[in-house]
1. Any idea what % of Cα-Cα pairs in region C:444-501 are farther than 19 Å?
2. Using Cα pairs under 8 angstrom and six or more residues apart, how large is the relative contact order of region C:2-291, in percent?
3. Can you pull out the GluC sites (Glu not before Pro) in region C:96-194 that DSSP calls coil and that have at most 14 other Cβ atoms within 10 Å?
4. Sum -39500 (n - 2.57) across every DSSP H segment of at least 4 residues in chain C, then divide by the residue count to get the 222 nm mean residue ellipticity, nearest 500.
5. Quick check: convex hull of the Cα atoms in region B:20-98, volume per residue, rounded to a whole Å³?
6. Rounded to the nearest 20 Debye, what is the dipole magnitude of the protein assembly as shown about its Cα centre when Lys and Arg each give +1 and Asp and Glu each give -1 at the C-beta?
7. What distance in nm separates the two pseudo spin-label positions at residue A:496 and residue C:322, each 7 Å out from Cα along the beta-carbon direction?
8. Can you give the helix-only mean residue ellipticity at 222 nm for chain A, where every DSSP H stretch with n ≥ 4 adds -39500 (n - 2.57) and the sum goes over all residues, rounded to the nearest 500 deg cm²/dmol?
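Read-outs throughout are calculated quantities, based only on the coordinates presented, and are distinct from any laboratory measurement. Only a predicted model underlies this, so the values are computations on that prediction, with no experimental measurement involved. Neighbour counts run over all protein chains shown; Cβ positions are idealised from the backbone, glycine included.
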Amino acid sequence: MTNDLTRLSAADLAAHLVSGEVSSVEATQAHLDRIGDVDTAVHAFLHVSTEDALATARDIDSRRAAGEDLHPLAGVPIAVKDVVVTKGLPTTAGSKILEGWIPPYDATLVERIRAAGLPILGKTNMDEFAMGSSTEHSAYGNTHNPWDLDRIPGGSGGGSAAAVAAYEAPLAIGTDTGGSIRQPGAVTGTVGVKPTYGGVSRYGLIAMASSLDQAGPVTRTVLDSALLHELIGGHDPRDSTSINEDLPLLVDAARQGAIGDLRGLRVGVVSELSGEGYQEGVSARFAESLDLLRSLGAEIIEVSCPHFKYALGAYYLIMPSEASSNLAKFDGMRFGLRVEPEDGPVTAERVMSATRGQGFGDEVKRRIILGTYALSAGYYDAYYGSAQKVRTLIQRDFDAAFAQADVLVSPTAPTTAFKFGEKLDDPLAMYLNDVATIPANLAGVPGMSLPNGLSDDGLPVGFQILAPAKADDRLYRVGAALEAALENTWGGPLLAKAPELEVAR
Amino acid sequence: MSTISRDEVARVAVLARIDLRPEELDRLAGELDVIVDAIAQVSEVATPDVPATSHPLPLTNVFRDDVPVPPLPVEDVLAAAPASEDGRFSVPQILGEE
Amino acid sequence: MSAHATVDLVDYDEAVRRYDPVIGIEVHVELGTKTKMFCAAEVEFGGEPNTQVTPVSLGLPGALPVVNGKAVEYAIKIGLALNCQIAESCRFARKNYFYPDVPKNFQTSQYDEPIAFDGYLDVELEDGTIFRVDIERAHMEEDAGKNTHVGGATGRIHGAEYSLVDYNRAGIPLVEIVTRPITGAGERAPEVARAYVQTLRDIFRALDVSEARMERGNVRADVNLSLRATPESPLGTRTETKNVNSFRSIERAVRYEVSRQAAVLDEGGTVIQETRHWHEDTSVTTAGRVKSDAEDYRYFPEPDLVPVAPSRDWVEQIRATLPELPVARRNRLQGEWGYADAEMRDVVNAGALDLIEATVAAGASPAAARKWWMGELARYAKTSDTEIAEIAVTPAQIAQLQALVDSGRINDKLARQVLEGVLAGEGDPEAVVVARGLEVVSDDGALLEAIDAALAAQPDIVEKVRSGNMGPIGAIIGAVMKATKGQADAGRVRELVIERIG
């Protein structure tokens, strides 16, 4: 039984909890046991909050026994990316500079998770400050892809994706600045959604690039993502960029999509996001998925987004510029690491520089230097300013494309998971991994990645769906329809094809 | 050939308050070309007639009422401080004034 | 650090004969909102350290700012009072610099898009001259925390071993008001600088946007100064003297910089563009430390905030609530009351404007109100060493006192006795008159008795008057007044005496 509980989707587990077949303590303990069994090998978690999770589970069980009206996901355990602040639970953002920091407050999305009674299993590994596409930039070691432990789980949210893929958690929280939810989803065979910018509160997310960051769900099924998205999303007065409107009905859209009728839906294939540089198996699975969508009644058309090729350039000006400023607060004065210079006078200025020199990893230093340079005297207009203009052009491309199509689609990532170290010394190759995901962040539109098969190397491939801003429901309708059709051809979920992990005890 | 010199990287590192070792300066001087490429690419289309977009969704006038909320308890405020004294954060001596 | 004792100075009068000073003033005012600029931490003066902070004002990872709408309203108020344009849309920017009292290591401020711009302020100088100061901009930003330097010499930064930081002040809303270069003040530059800041202070109070207490640092001024050979010459290199925090110091700092820069220029040297610090104790400015990354603040639009776009309706609503500003009110009252310029200035300087206005409102004539407040009461305030506004008498009581005089129930001399009674806490003038029995004696019978006695006592004077020499009649009247203890109406006495001598 214990083993089975971890294989359930969050929706199914929630149903078992509601029916009383299973208690939250049992479900939570099952996942904690699974973490104990496999996380030495996977290393998805930086911190496991056993006591906290079980306390929440016990509380939910007793409230349910008392007949209280509970949230549909009450009692379903969840893992939270370590970039999200959690009161009383260590939060490091994968960085040495925050080692041991215990926040005195909760992010808004964590408040909502706690209020709904989801036991928090722990904090998941990530590239330091979410900077990376492989989780190799974590200061606390690599997370391993459950499909092949020698390979990367994607990044920056490799920990959340791997936790879900390895059945260590049915639900996880990710954040996505240039693809950090969707790309790990693609390479681990899981589902990840980057909501519309402003759809989920950023209050309590340790910021990388404020105008690009978005938190979202990481799950094994489209419906689970919808359930979690509805829980964490919606207006938050503490985030000035939060959309002050109700979310569209996401769970309804997922349930409706699962029926498998996409007649009347126009699906736009972005011609700039395919072809050269895409692994053969990735392109083949993409084409098959298009056929499936067509078979469900969707019309497939080709659309062009000519400015997408400038997206990467704009991204690598905006992201480091904002990050260089957002990360200035890590200076050893108020919290976190403080390092004194090895010699010379101990002044605040020198302690700050020593702390940041030692506390930040290479990739973080690289981006801060890049961003500081881009904002430095005389460069602002040419750099950050120009990049903001490209944002406008990309938005216009999206506007034109969405005038022709209800959703846009592409492969999520050009390749399957690569081996550790393969691209570590080639930042540009690492960056190219995000080429299909970045435009959505620049324009603020929502995007989903769901697994759509295995490539020739036997590793999972992801299918990306993009929708207009505030039309996140379309992702769920199309995603659920495709997921159902794919699982029908596979005879079950893709993850069932993943090799069983060796259990450590 | 790098277009951003090692000296330039060193200047920026001071601005960013990051001590870099000599080998880090060397490496970064080479890697920062990525930004030069980005500029070259972006400036192809970032013409004066294109307006800048700073926020994905255009919002204005997001204000808060002038109503206090309880502050953080002072023990929480100082809990993570590397050093503190008399309810305040203790920091090394400060040179210069802003 | 001892170097500043030996700086050469040119005598001020000499300096301004040969150079034309140009000033520029940046004033920061802390707004009197209940909460901070970007978070709902309560702001109260004098709280225990770090008890007025939230994750936002502490700059904790993950925290996000939200603009205080009241602070925006106050900033617009200030902009309107300074005759500025109010931006249709403006943004916040990040000013990036590392300093321990700036929790995020950037200050959220406004850079190229201030909320208010292109205004002016008319400033009244001591001799009543109105001097117009052009305002370049007024923008919103947040205050920094407070460093206390421990060890080393007397709390100064240099030589301190470490510093203690309190973030209660971090995030308090500020409006910074920047003038255009102020030219044409000549030798009066120090006075103009002082009067400008003083006028601003009065405006902040009149608008009720700040307590504007200089001693608490609610209002802080940075003074830029440069010299040029003649008013036609291009602007010279300026210095910026920071944190000049009293009216007197503003005047003195300008004088000092004029004298110092003149000395530099006289020797053929060049003034260095730099930040200087004002030392209240020694009344000198000294050069600040030159920073390696000076001025490279890497401004960019604050991505965590959205633009502020005050609707024209809102701006007009705010404009409609603006109180009359001090200079305008002063001019209006002077016109209504018919005071001479010098009289008006004395009234203002004595702090009696409000009192006189209230006294007039309570029914006294402007002339009478001025007479009381600037005469008897001003003297009383001086001898008792109290502020005129603190004297234990109300404008209504003064109006009542004057009404008693006007109706003839008391005369001026009695009125002073009545006032004594009021000041002694014996009640309203009416009550004092009754209690002390100070009413003018208007019963002719009683008066005639006293007059007859006086006439009988001085027959020689009676003769003189009878023969047409009215001069000595005063002696008779004086005797009657004395006999009636001053309570007689001197006019009536005179009439009766003439009648009697007939």
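1. On the way: 274 of 1653 pairs.
Of all Cα-Cα pairs in region C:444-501, 17 percent lie more than 19 Å apart.
2. 24
3. Counting only loop positions with at most 14 other Cβ atoms within 10 Å, the GluC sites (Glu not before Pro) in region C:96-194 are C:126, C:161.
4. Details: 17 runs with 190 residues, N = 502.
One gets -11500 deg cm²/dmol as the mean residue ellipticity at 222 nm.
5. 296
6. Taking the Cα centre of the protein assembly as shown as origin, the dipole is about 1060 debye.
7. 7.5
8. Details: 17 runs with 203 residues, N = 505.
Calculated from helices alone, the mean residue ellipticity at 222 nm is -12500 deg cm²/dmol.
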